[in-house]
1. With the requirement that a residue be surrounded by fewer than 15 Cβ atoms within 10 Å (Cβ to Cβ), under 17 Å from the mean Cα position of the chain (by Cα) and either aromatic (Phe, Trp, Tyr) or on the phi < 0 side of the Ramachandran plot (or both), what does the range 38-61 give you?
2. Identify, please: which residue in the range 52-70 is of a type in the set (A, V, I, L, M, F, W, C) and touching a residue at least 40 places away in the same chain (Cβ under 8 Å) and is, among those, nearest to Ser2 (Cα to Cα)?
3. Give Gly142, Gly110, Gly90 a once-over and let me know the one that is more than 17 Å from Arg168 (Cα to Cα) and either in contact with a strand residue (DSSP E or B) (Cβ under 9 Å, 6 or more places away or on another chain) or of a type in the set (Val, Ile, Thr) (or both).
4. Pairs only if they're at least six apart or on different chains, beta carbon under 6 angstrom, first in the range 15-42 and closer than 21 Å to Glu150 by Cα, second open to solvent by 90 Å² or more (accessible area, probe 1.4 Å) and part of a loop (DSSP other than H, G, I, E, B); list them, first residue then second.
5. Please enumerate the residues belonging to the range 53-112 that are among the small types (Gly, Ala, Ser) and touching a Cys at 6+ places or on another chain (Cβ under 6 Å).
6. Please tell me if Ser106 is at pLDDT 95 or above, under 23 Å from Ala88 (Cβ atoms) and surrounded by 12 or more Cβ atoms within 10 Å (Cβ to Cβ).
7. When only residues in the range 167-195 that are open to solvent by 50 Å² or more (accessible area, probe 1.4 Å) and of a type in the set (Val, Ile, Thr) count, which is farthest from Pro44 (Cα to Cα)?
8. For the range 157-166, state whether one or more residues are surrounded by fewer than 13 Cβ atoms within 10 Å (Cβ to Cβ) and aromatic (Phe, Trp, Tyr).
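The values are calculated or read from the model by the stated rules, or taken from the named source; none is laboratory data. Owing to the predicted nature of the structure, the values given are computational and were not obtained by experimental measurement. In this analysis, Cβ positions are derived from the backbone assuming ideal geometry, glycine residues included, and neighbour counts consider all displayed protein chains. All accessible areas refer to the heavy atoms of the entire protein, side chains included, with ligands and DNA or RNA removed. Shrake-Rupley method; radii C 1.70, N 1.55, O 1.52, S 1.80 Å.
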Amino acid sequence: CSPNTLMLDNALGAIEAVAPGLEHVCLLQGTKYYGAHLGPFLTPAREDDPRHMPPNFYYDQEDHLRQRQQGKRWTFSILRPDAVCGYAVGNPMNLTMVIAIYAAISKELGLPLRFPGTEAAYRALYQVTSADILARAAAWAGETGAAANEIFNITNGDYFRWQFMWPRIARMFQMEVAEPVPMPLAVYMADKAAL
């Protein structure tokens, strides 16, 4: 929590020092705010849902942002997308890129495309947020007075299950699909850098 709050504090300090006319700050969070990393959470998630037991760096960042904004002319908004998918360079948090690399490596090794998560994750409802939709939401929040000091969940609005999406991804890569086998990709991909 500390390093994430310190990064936000350092960024705000640097921006405020050179931008006396600062009007708006947009903070991006995610579904870990609602406890997605702990298991099932209230769905649909609502911006006013209660916090779970800390620590959670999103809570610390939000509290810091609210405190720092007191008495300032600028406003803020907080956007909470689901897993962000879209074009990005050098972003390891881009789910689309991770799946594509995993599929390409599996194909090169002659393996079927196998969902690397749990059976429960394979069958659960899931949703994503397009990077384009998130960008438009951030621009809107920065330009709209009604968004001042407010929080917004941002999703594409179309739920899916990996069990139905995974075969489509396999077809895109001209691969067979296989049943899920939970495997920590940090371990299984550790020796695949050359590939």
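1. Within the range 38-61, Leu38, Pro40, Thr43, Pro44, Arg46, Glu47 meet the criteria.
2. Looking at residues that are of a type in the set (A, V, I, L, M, F, W, C) and touching a residue at least 40 places away in the same chain (Cβ under 8 Å), I get Phe57.
3. Gly142
4. none
5. Of the range 53-112, the ones among the small types (Gly, Ala, Ser) are 71, 77, 83, 86, 88, 90, 100, 103-104, 106, 110.
Once the filter is applied, which keeps residues that are among the small types (Gly, Ala, Ser) and touching a Cys at 6+ places or on another chain (Cβ under 6 Å), the range 53-112 yields only Ser77.
6. The answer is yes for Ser106.
7. By that ranking, first place goes to Val187.
8. There is at least one residue in the range 157-166 that is surrounded by fewer than 13 Cβ atoms within 10 Å (Cβ to Cβ) and aromatic (Phe, Trp, Tyr).
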